[in-house]
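The structure under discussion appears below in the form of structure tokens.
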Amino acid sequence: MFDKVLLKNAEIPNAHGIGAYEAAGGYRALATVLHEYSPDELIQLVKDSNLRGRGGAGFPTGVKWGFVPKDPALEKYLCCNADESEPGTFKDRVIMEKDPHQMIEGMVIGAYAIGAQKAYIYIRGEYVLSIERTEAALKEAYRKGYLGERILGTDFNLEMFVHCGAGAYICGEETALLESVEGRRAQPKLKPPFPVVEGLYGCPTVINNVETLACLPHIVQRGAEWFRGIGPERSPGPKLYCLSGHVRKPGLYELPMGISLRELVEDHGGGPRSGGRIKAVIPGGVSAPMIPESGLDVAMDFDSLAAIDTMLGSAGVIVLDETACVVRVAKRITEFFNHESCGKCTPCREGLDWAVKILRRLEDGRGKHEDLDQLERLCGSIFGNSFCALGDGAAWALSAALKHFRDEFVRHIEDGRCPFH
Amino acid sequence: MATGLRDKIEEVAGRYPNRRSAIMPALYLAQAEHAQLSGEVLLEVADILDVPEIWVYELATFYDMFHTEPVGTFHIQVCTNISCLLLEAEGIVAHLESRLGIERGDTTPDGLFTLSTAECLGSCDTAPVMQVNYAFHENLSERRIDEILENLRGAVGE
Amino acid sequence: MAILTIDGNELEVADGTLILVAAQDQGISIPTFCYQERLTPLASCRMCLIEIEGQKKLQPACATPVADGMTVRTDTSLVAQTRESMLEMLLANHPLDCPICDKAGECELQDQVFAYGAGESRFRDEKRVFRTEDVLLNPVIVFNANRCIQCQRCVRICDEVVGAVALGTIEKGMDTEVTGFENSLAGCDHCGNCIEVCPVGALMSAPYRYKARPWDLTETDTVCHYCGTGCQLTVGMRDGHLARVRSKYETGVNGETLCVKGRFGFDIIDSKHRIRQPMVRRNGNLVAVSWEDAVGYLVERVRGAVEEGGARIGGLASPRLSNETLYLFQKLMRSVFRTNSIDSSSRWASSGPAAPGLYEALPAMFDGLYARRPLQDVLEADCILVVGSNVTDDNPVTDYLVRGAVRKRRNKLFIVSARPSRLDAEGAGFLRLLPGGEAGLFAALLDGLVEDAATEKSLPTACPDGDAQETDRTETAVPATPAWQEFLAGAIPALAAARTVTVLIGTDLLRAQEAAAALRWLRKLGRVLETLGKRVGVQFLFDRPNQMGAWELGGLPNMLPGWRPVDDGQSRAVFEQAWGTSLPSEPGADFGRMLAQCEAGEMEVLYVLGSDPILSYPDGALVESALSKVGLLVVQDAYLSETAGLADVVLPAANFVEEPGTFTNNEGKVQRGREIRPPAFEAMRNVEIFGSIASALGRDLGPTAAEQVFAEITRLVPSYRGLGFEAFDGAGAFTVPTENAAQDDPDDPPVPTPRESRGFALVTGDCMFHSGYLSRHSAILETLSAEPYVEMSPRDGRQLGLSEQASVIVRSRHGEARARLRFNKRFPDGVVFVPENFADLRLNRLLKQGEYPCQVEILKA
């Protein structure tokens, strides 16, 4: 049985209050950092831990921090990406609702590492309880001297604010998130310059995911080696897996990085809901291409999933059993991306809309064989040519459905109706 | 417009190095006060923040949670994304449509309910889910829906 | 420098060059919609995706800089296929209504589909339709959202270049739409730059709507006749009438931009208010006569005044006229009418009896200190000081260029003006200063610099001739207001730190009686900055297209062409020899003194050329009375002016597009205005009218063809030497600085003490939609801005118990005017602005020379 790390407080009543958090050892890591570590030493510690970003891209956190210019004259920002909107994902929400101080402590540690004096937590607007609890936790942290001026008696100052999203999936893309904080339409920006060099208000900015930041107090307290020892060495650590869909025991599971998808779905999740058979699993939110049942033995870590043309993403695992219509699922996923496309670049804006129109016809049984070729062509035109990962992800996910389940699409065309509905 | 709104907006504006950043929080505050972000409200926000009107208009229309059109007293948003879809969210929407006598996207003539479909609400393990004015209702069934609607109507009746 | 290969060609280009630009220079064209040189890169249309060896994905050429050793391919099948795909996607929802689209024939989407498209579409679903009727966003901009391809050029130019931030983008994804607040652009600048940059027929010119196909037009490149920025534009005519004005990509000082006056005010050429035939006053009424009769009548009346020595003749020319017209006019006045009483503006401060006047201080501004260089270069300076101008209204395109320069370079911009402008927000500091206070400002800056330099120990050694002694500690009466202190605390260190300094001087400054002192202090400041080792450049921000040419070519009572003093024998000898006649040696009267002469009944002939002093002279009572006492009032103009209504002889002149000529813009650049059609009705070219008057007097004015007049100018005026009339096309040619008779002031000029002010200070000037009294003849500009207004701060308004749009009376000691109130929350307290262009307002009846800014009260009407 794996000892919970990130969720260890979650079952304690009122864990979201600072009293419970402190009683469980909270903010001791911060004290250690401020009194015993230089920022460089802290960055090295996180590098040594091999912690990789939990937002989806899996970039090594310590390395990202290391890119921030050291010039003390430059203002720097830390942003917490709490715009959790990837369908199938609800891990950050649980952290913010149940244990917001864990995230806040992680942020203060991160801000100290990069020399930021201002930090924003970008929380998706629909997460009203997360917003409420985080705001309350910030007040507590200020009161206790974990935020504000001269934190814990040191020279380190940090202001921290919540910025509420307002219902735009694209804000999860880091440059779009920064645009949103700056009060603009959230459209991704050109990189380079990367945010670590020129981010919020033109200043060096680090954007880290909630879960990533929540790992930091534990790394400080238990050491890089401990962290590296959990799961695969190149992408280690405790991991929150969000299990949903056609599964008997949906929920949030904290398990080591790298457990097999089959173990997660069948042992922890109790297998498919109605005792039927699994058709496919989406392993990392709907941007992650689906895996047919035969691929379920894959290890849930960044590299193993990338090797089979999908991704860990947000670890939002959605199970489809044999009653699921892949055409409908593919259509709905594409509709989602089309709805959330910011409209900036041609392939994502125009291409996804076109794909949705075709998929709706296919689902209704009004499709033609050449529509499948056209969908594939569209995926090819969108993938790799979009401005940001949204379009790419949409095309990638759709391609996988077409690749693994082309026969289902063909049946819709040949039957002139959906065989499932 | 109440001076209260101006003060509240000034307070949030202090969190950012420039006033443009405060447009989103200001729109939330204005929406809480006026329910709907009419052109007049948007102009007021622009005036308070001293930013070009178009910036306010851009954000009010870009983000789904800002309403430039009127919404009902109870805004029901049903998640129809994959996890909920797999657990028959479409049936939930259809049930709501028949109980409310409106189609998705519409508001009941008495202005009480607006029914929308929503993208993933981040509560996939308790699918199907919906929000009523951002309060979550989970593990929905037709019976649960009927109870919820009854409670909401009752709340107004009092 | 980086060495790279593009499609197998090796080339060496500067680091940071974009692949798109490097390729273009090689003649390899990479298609794009969203890229434009002066806009921030977006890389969103994805048309310019190219292959770079070693990169997994195609890269946008418009946003990727070259790197040493890079291998770029734009000619692969993958690139071609990607272009096809992007175009197919863009066309999927495009309405393809080219047969009824204004843009057809010059549409970038058409052109790119033609060049790179697949030739067929596989799209077989329903197209997205925003709406079936086009939206009139304002009277000049009409919008069809269905055709928009989301390149965002319009939004970026409105924000980044124009600074209006009127256009924006609403909704997202496929619903994304470019528009103004609540689908209206009623409050925008109406400059139409969004139309110009639109690659498709989404944003269109309403006046040009359905007027012509591009191939029906006869297009001529010429220069704008509204202000001194001197924008290049292209006039499209159909059947002899104006169809539209456009500007060309990266052409002229303006690049592709124009302001509302330039783009939409050219309908003036077809104005109904033309003077159609010569007229003379008979029995109190103006009656049409033949040219022969008109000239005969004029000459008969003039002859006596000429014979008695010309002292009772004066001439006023408009600074909107060409160099050739202005030069020949002063030649006519001096050599034939034998008078030096020549002026080329009626709006500036007239010289008082106590102090040397504005015109005596002018020559010193036009020697080496004047930056006869492209404005774009001048704006590269480390520090830019703008004094006495609302650039946004006076010279809108200059405003765009300043904004671009400051945003790109983050150089320090400081603005000193009576009223707020949009540029304030771009600057490092601004100061609200009423006209007349500029001398004090320059003195204070100089003081601060000297002090700063003294602490740095650089000035005393660097300063020749013990100048340091003299400039040290001037007694300046700097108001100790926080605003002044804050401004100086920012500006002085910025000036001290700058290696290059640019000073732009607006026309607000020239209206106050302290103008001469201000210019003398500016000269001194410039000299000290130079002594400190800085490169200094001054340019005027004239709101008229040829004030600089008018002055340089002798449109002054005290100066012959080329800044040669009238009272200097050697100077006169140059022209006496060239013109074959002796010239009067006494400086003449400026226009103010001419009016005094009229008023005294001592003006026999007053020749008004293209000017409308009845409206523009800042002393309505005097000008009205004086002009009624002139022996013979001659008005030569293309349009019916108020002054023409009083004239004894009215001569119809060609308008701007009906005669060739050159114009010297604020950069000191000479550009050609082209003859687009022959003079309408019975109008004659200005220069030909002068020739015929001279001949009727039995004198030969020399050649009058524009080309020949220009040749004469280049022979006799040193700064124009070597320029050829035909030699400069769109780019124009720069005049060169020459030594002139100007002397450095041996002593500190006086610092005028600010006048006591009670009530409100009234300032006037240009509004964005008008240019003096000329633009009222443009039907479009009149539609856009028909009503006069009084601008003030809402605080002042509230204090007076007045609300926005209230009808108010502005009353001075001399008169009153009525207009609607307009609030501007950036407006300083205690100041009101009334634009000068509304003829019916007769604003000058409130004004009196020497009393500017004018003290007024504001009353509820």
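The values are calculated or read from the model by the stated rules, or taken from the named source; none is laboratory data. Please read these numbers as outputs of a predicted model, since none were measured by experiment. Quick reminder, even Gly has a Cβ in these numbers, built from the backbone with ideal geometry, and neighbours come from all protein chains shown.
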Leading residue by the ranking (nearest to C:Glu604 (Cα to Cα)) among those in the stretch C:270-307 that are of a type in the set (Val, Ile, Thr) and crowded, with 17+ Cβ neighbours inside 10 Å: C:Val302
Per-region count, the stretch C:493-516, residues in a loop (DSSP other than H, G, I, E, B) and either in contact with an Asp or Glu (Cβ under 6 Å, 6 or more places away or on another chain) or free of Cβ contacts under 8 Å to residues at least 24 places away in the same chain (or both): 3
Any idea how many residues of the stretch B:93-119 are within 11 Å of chain A (Cβ to nearest Cβ) and among the acidic types (Asp, Glu)? 1
Just checking, does the stretch A:205-216 include any residue being among the polar types (S, T, N, Q), more than 24 Å from A:Leu34 (Cα to Cα) and outside any loop (DSSP other than H, G, I, E, B)? no
From the residues in the stretch B:19-57 that are within 14 Å of chain A (Cβ to nearest Cβ) and part of a loop (DSSP other than H, G, I, E, B), which one is nearest to the chain's Cα centre (by Cα)? B:Leu37
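Report, by residue number, each residue of the stretch A:384-406 that is more than 11 Å from chain C (Cβ to nearest Cβ) and surrounded by fewer than 24 Cβ atoms within 10 Å (Cβ to Cβ). I'd like the intermediate steps shown before the answer.
First, pick out the residues of the stretch A:384-406 that are more than 11 Å from chain C (Cβ to nearest Cβ): A:389, A:393-406.
Within the stretch A:384-406, A:Ala389, A:Trp396, A:Ser399, A:Ala400, A:Leu402, A:Lys403, A:His404, A:Phe405, A:Arg406 meet the criteria.
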Within the stretch C:42-49, can one find any residue that is of a type outside the set (Ser, Thr, Tyr), facing another protein chain (nearest Cβ under 8 Å), over 20 Å from A:Gly380 (Cβ atoms) and in contact (Cβ under 8 Å) with a residue 40 or more places away in the chain? yes
Hey, among C:Arg301, C:Arg312, which residue is basic (Lys, Arg) and out of contact with any strand residue (DSSP E or B) (no Cβ under 6 Å at 6 or more places or on another chain)? C:Arg312
Residue in the stretch C:209-261 that is nearest to C:Thr664 (Cα to Cα), counting only those that are basic (Lys, Arg) and surrounded by 17 or more Cβ atoms within 10 Å (Cβ to Cβ): C:Lys261
Select from the stretch A:368-383 the residues that are within 11 Å of chain C (Cβ to nearest Cβ) and farther than 15 Å from A:Ala400 by Cβ and list them in ascending order. A:Lys368, A:Glu370, A:Asp371, A:Asp373, A:Gln374, A:Arg377, A:Ser381
Expected single match for more than 26 Å from A:Pro232 (Cα to Cα) and either not assigned by TED's automatic domain parsing to the domain that holds A:Glu135 or not in a loop (DSSP other than H, G, I, E, B) (or both) among A:Leu74, A:Leu78 is A:Leu78
What pairs come out if I take residues in the stretch A:355-369 that are within 16 Å of C:Met89 (Cα to Cα) and at pLDDT 95 or above and pair them with residues that are in a helix (DSSP H, G or I) and not aliphatic (A, V, I, L, M) whose C-beta lies under 6 Å away, six or more apart or interchain? A:Ala355/A:Thr334; A:Val356/A:Thr334; A:Val356/A:Glu335; A:Val356/A:Asn338; A:Ile358/A:Asp371
Got at least one residue in the stretch C:1-20 being under 37 Å from the mean Cα position of the chain (by Cα), in a helix (DSSP H, G or I), away from chain A (no Cβ under 12 Å) and crowded, with 16+ Cβ neighbours inside 10 Å? yes
Could you identify the single residue in B:Phe62, B:Phe66 that is within 11 Å of chain A (Cβ to nearest Cβ) and crowded, with 23+ Cβ neighbours inside 10 Å? B:Phe62
Return a yes/no flag: does the stretch B:81-92 have any residue that is more than 11 Å from chain A (Cβ to nearest Cβ) and buried (at least 18 other Cβ atoms within 10 Å of the Cβ). yes
What's the number of the condition A:Arg273 fails, among (1) modelled with pLDDT of 95 or more; (2) farther than 27 Å from C:Cys45 by Cβ; (3) among the charged types (D, E, K, R)? (1)
Just give me the residues in the stretch C:22-41 being free of Cβ contacts under 8 Å to residues at least 40 places away in the same chain and either in contact with a Phe, Trp or Tyr (Cβ under 6 Å, 6 or more places away or on another chain) or within 26 Å of C:Val155 (Cβ to Cβ) (or both), in sequence order. C:Gln24, C:Ser29, C:Thr32, C:Tyr35, C:Pro41
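Could you tell me whether any residue of the stretch A:270-283 is farther than 30 Å from A:Val327 by Cβ, within 22 Å of the chain's Cα centre (by Cα) and of a type in the set (Gly, Ala, Ser)?
no
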Out of all the residues in the stretch C:562-578, which are in contact (Cβ under 8 Å) with a residue 24 or more places away in the chain and either touching a strand residue (DSSP E or B) at 6+ places or on another chain (Cβ under 9 Å) or within 12 Å of C:Arg715 (Cα to Cα) (or both)? C:Gly562, C:Pro565, C:Val566, C:Asp568, C:Ser571, C:Val574, C:Phe575, C:Ala578
Residues C:Phe114, C:Phe130, C:Phe123: which one is surrounded by 14 or more Cβ atoms within 10 Å (Cβ to Cβ) and at pLDDT 95 or above? C:Phe130
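Conditions (1) out of contact with any Phe, Trp or Tyr (no Cβ under 9 Å at 6 or more places or on another chain); (2) within 11 Å of another protein chain (Cβ to nearest Cβ); (3) over 21 Å from B:Tyr28 (Cα atoms), marked per residue:
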| site | (1), (2), (3) |
| --- | --- |
| A:Lys91 | no, yes, yes |
| A:Pro100 | no, no, yes |
| A:Tyr112 | no, no, yes |
| A:Tyr122 | yes, yes, no |
| A:Glu126 | no, yes, no |
| A:Gly153 | yes, no, yes |
When every residue in the stretch C:141-176 that is more than 9 Å from chain A (Cβ to nearest Cβ) and of a type outside the set (A, V, I, L, M, F, W, C) is compared, the one surrounded by the fewest Cβ atoms within 10 Å (Cβ to Cβ) is C:Glu160
Looking at C:Val605, C:Val630, C:Val649, which one is without any contact (Cβ under 8 Å) to a residue 60 or more places away in the chain, more than 24 Å from the chain's Cα centre (by Cα) and buried (at least 24 other Cβ atoms within 10 Å of the Cβ)? C:Val630
Just to be sure, is B:Val12 within 13 Å of chain A (Cβ to nearest Cβ) and over 22 Å from C:Val178 (Cα atoms)? yes
When you go through A:Tyr201, A:Tyr146 one by one, which is the residue that is surrounded by fewer than 24 Cβ atoms within 10 Å (Cβ to Cβ) and not in a strand (DSSP E or B)? A:Tyr201
Could you tell me which of the residues B:Ala127, B:Ala135 is crowded, with 20+ Cβ neighbours inside 10 Å, under 24 Å from A:Asp83 (Cβ atoms) and within 12 Å of another protein chain (Cβ to nearest Cβ)? B:Ala127
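So which residues in the stretch A:291-349 are among the small types (Gly, Ala, Ser), assigned to a helix (DSSP H, G or I) and surrounded by 24 or more Cβ atoms within 10 Å (Cβ to Cβ), if there are any at all?
Passing the criteria: only A:Ala330.
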